[in-house]
1. Which of the residues spanning the range 51-72 are of a type outside the set (S, T, N, Q) and either more than 17 Å from Y91 (Cβ to Cβ) or in contact with a Cys (Cβ under 6 Å, 6 or more places away or on another chain) (or both)?
2. Do we have any residue at all in the range 62-76 that's charged (D, E, K, R) and in contact with a helix residue (DSSP H, G or I) (Cβ under 8 Å, 6 or more places away or on another chain)?
3. Which members of the range 19-48 meet the condition of being charged (D, E, K, R) and without any contact (Cβ under 8 Å) to a residue 12 or more places away in the chain?
4. Please go through the range 50-59 and pick out each residue that is at pLDDT 85 or above and farther than 11 Å from A80 by Cβ.
Amino acid sequence: MGTLVTRKDIPPWVKIPEDLEDPEVFQVNTLVLESLFGRQRSRMPHIEQVSQSMFELKTLESSELTEVLIYGSANQKLRAKWMLQCMAERYRLRQEKGMLKLQESMKTLELDQCLE
């Protein structure tokens with residue numbers, strides 16, 4: 001038995017009730033989701049339309065994680081999950097690259113201070 005959908009604005013491409021049963025569920029860091037969907041989730045409708053699925057986000061208590069529920073046909077759910085996971089991984093790699101640049105800059109500053 002699937003979870004109950006709490007959204008009232010179900011997109012027209014989601015078939016009721018069969019697409020609302022058995023959602024694909026996974027957890028993502030809340031900060032990553034903010035970068036993907038925007039602070040007010042303003043990009044969420046666009047990503048839903050592109051993936052032809054529907055998302056529901058549930059922030060987990062005492063955690064930095066958000067539970068993502070994806071509704072749609074089996075293929076749409078898998079494609080949407082893959083798309084979100086790829087976007088999250090890309091965000092993580094960009095953050096990691098930024099941290100490496102920051103570390104290099106810090107080392108350069110330390111070397112410059114030692115030479116003085």
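The values are calculated or read from the model by the stated rules, or taken from the named source; none is laboratory data. These numbers come from a predicted model, not from an experiment. Cβ atoms come from the backbone with ideal geometry, glycine included; neighbour counts cover every protein chain shown.
1. If we filter the range 51-72 for residues that are of a type outside the set (S, T, N, Q), which is where we start, we get 54-58, 60-61, 64-65, 67-72.
The answer is M54, E56, K58, L60, E61, E67, L69, I70, Y71, G72.
2. Narrowing the range 62-76 to residues charged (D, E, K, R): 64, 67.
Subsequent filtering for residues that are in contact with a helix residue (DSSP H, G or I) (Cβ under 8 Å, 6 or more places away or on another chain) retains 64.
Looking for residues that are charged (D, E, K, R) and in contact with a helix residue (DSSP H, G or I) (Cβ under 8 Å, 6 or more places away or on another chain), one finds at least one in the range 62-76, hence yes.
3. E34, R39, R43
4. Keep residues of the range 50-59 that are at pLDDT 85 or above, which gives 50-58.
The answer is E56, L57, K58.
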